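Notes follow once the structure below has been shown.
The values are calculated or read from the model by the stated rules, or taken from the named source; none is laboratory data. Note that the structure is predicted; figures quoted are calculated from it, not measured. All Cβ positions, glycine included, derive from the backbone under ideal geometry; neighbour counts span all protein chains shown.
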Amino acid sequence: MAQFIDYFSLKEFYTIDETCELLDMEKQALKEKCARYDVTPRRNEIGEYGFVKYDVRKLHNALYHEGRAAKDDPWK
């Protein structure tokens, strides 16, 4: 997963393939994470499926904290 994404420079819409590249994930892994975090691809005005900026930020934030929680476990 990408460690840092500049949220201010994000486009308004990312296709599924662009999102995979941005988050450094395979399509199947992205599908599983979307189901886990209740994020659904949407269609843009030309019919492509993908994610709006808000959803990309939501996914990235959830993935960031998911990875970080394992490192910050005080019970280990």
Residue ID - surrounded by the most Cβ atoms within 10 Å (Cβ to Cβ), chosen from residues in the stretch 5-44 that are among the aromatic types (Phe, Trp, Tyr) and within 13 Å of residue 59 (Cα to Cα): 14
Cβ pairs under 6 Å, 6+ apart, first in the stretch 39-61 and under 16 Å from residue 9 (Cβ atoms), second in a loop (DSSP other than H, G, I, E, B) and of a type in the set (Asp, Glu): 53/12
Members of the stretch 1-45 that are part of a strand (DSSP E or B) and under 16 Å from residue 65 (Cβ atoms): none
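Is it the case that residue 54 is closer than 20 Å to residue 66 by Cβ, in contact with a Leu (Cβ under 9 Å, 6 or more places away or on another chain), at pLDDT 95 or above and of a type outside the set (A, V, I, L, M, F, W, C)?
In short, no.
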